[in-house]
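In what follows, a structure is listed as C-alpha cells, so that the remarks can point back to it.
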Amino acid sequence: MVSSTPASSQSLESLVGLPYEVRHESSFYLEPKGKGRKGIDVMQLYKDYAPAVGDRKGLGLPDRQNWLVLLGKNRDSSLLEKSNFDVALEMLGGESDDVEVCRFGHWICGWIEIVIVNPESKAAKIADDIENQLEDYPALDEHDWTSREMDAHCEWVEQMFKFVESSYDVTIDRDSVDYGDMEHELDWETHEGGSTPSEAEIYEYLEEKGLVTPDE
C-alpha cells in the first residue's frame with residue numbers, strides 16, 4: 001500500500017500535482033472530468049487524474065497509472081464527503097492488495113487522501129456500484145452522514161454556549177435547555193453550513209427562559 005509522505009519532505013513540483021477528488025461539493029475548483037448519466041463525476045484512470053486545474057496528471061505512483069480513482073477527501077472536505085469516503089472504503093472491504101488509500105500533502109488544502117482501485121479486480125465492480133449509487137443520491141449512508149452533522153452541530157452549540165458564558169459572565173443551565181425549541185425559535189439550522197444565531201440572540205433567548213445565572 002502507498003504510505004503517506006510528509007509534505008515538508010516533498011518538492012514544490014510534487015505538491016502542485018497530487019491527486020484529489022471532491023464529489024458533489026468541491027472544496028476548490030477541479031479540472032473538468034467525465035460525467036455520468038446525471039452529471040456526476042465518473043472514475044478516471046490515475047494517469048488521467050489531476051487534483052485541480054493546472055496540476056499535473058498522474059504524478060507519481062508509477063505502478064498505479066491504470067488504477068481507478070474513486071473518490072477522496074481533504075482537510076477542508078464537508079461532512080458528506082468524509083462520510084462517503086469512509087463508507088465507500090468500508091464497502092470495498094478496507095485497504096487490500098486491490099484497494100489503496102493514497103495520502104499526500106497538497107499546496108491548496110494541506111493534505112489529501114484518495115481511494116484507488118485495481119480495475120482488474122472484484123473491487124472494481126464494487127467501486128462501479130458505489131459510483132452508480134452516488135449518481136442516484138449524494139450520500140452512500142444517510143444515517144452516517146446525518147449523525148456526523150448532528151454531532152458537529154452539538155459541538156457548535158456547546159462552543160456558542162461557552163462564548164455566551166464568557167461574554168456575559170453567566171452560567172447556562174444546560175440540563176434545562178429545550179434544544180429543539182431553541183433551534184426553532186432562533187432558526188438555528190442543524191445541517192452543515194446552516195444559519196447560526198449570534199451570541200446576543202442566544203443570550204436573549206436563554207435569559208428570557210430563565211436559563212442563565214450571573215456569575216458572582
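The values are calculated or read from the model by the stated rules, or taken from the named source; none is laboratory data. Just so you know, these numbers come straight off a predicted model, no measurement behind them. Please note: Cβ atoms are built from the backbone with ideal geometry, for glycine as well, and neighbour counts cover all protein chains shown.
If you go through the range 47-103 one residue at a time, how many are surrounded by fewer than 19 Cβ atoms within 10 Å (Cβ to Cβ), under 27 Å from K122 (Cβ atoms), under 16 Å from the mean Cα position of the chain (by Cα) and at pLDDT below 90?
1
Can you report the number of residues in the range 160-188 which are among the acidic types (D, E) and either farther than 26 Å from R148 by Cβ or surrounded by 13 or more Cβ atoms within 10 Å (Cβ to Cβ) (or both)?
Within the range 160-188, residues that are among the acidic types (D, E) and either farther than 26 Å from R148 by Cβ or surrounded by 13 or more Cβ atoms within 10 Å (Cβ to Cβ) (or both) number 5.
If a residue must be more than 17 Å from L134 (Cβ to Cβ), in a strand (DSSP E or B) and out of contact with any Cys (no Cβ under 8 Å at 6 or more places or on another chain), how many such residues does the range 62-98 contain?
0
So which residues in the range 189-205 are surrounded by fewer than 13 Cβ atoms within 10 Å (Cβ to Cβ) and modelled with pLDDT of 95 or more, if there are any at all?
S198, A200
Based on what the data block shows, is E113 assigned by TED's automatic domain parsing to the domain that holds P62, modelled with pLDDT of 95 or more and either among the acidic types (D, E) or in a loop (DSSP other than H, G, I, E, B) (or both)?
Details: assigned by TED's automatic domain parsing to the domain that holds P62: yes; modelled with pLDDT of 95 or more: no; either among the acidic types (D, E) or in a loop (DSSP other than H, G, I, E, B) (or both): yes.
Answer is no for this residue.
Which ones in the range 165-178 are touching a residue at least 40 places away in the same chain (Cβ under 8 Å) and farther than 14 Å from A200 by Cβ?
D169, T171, I172, D173
Could you tell me which residue of the range 129-164 is farthest from A88 (Cα to Cα), considering only residues that are of a type in the set (D, E, K, R) and in contact (Cβ under 8 Å) with a residue 40 or more places away in the chain?
Within the range 129-164, the match that is farthest from A88 (Cα to Cα) is E149.
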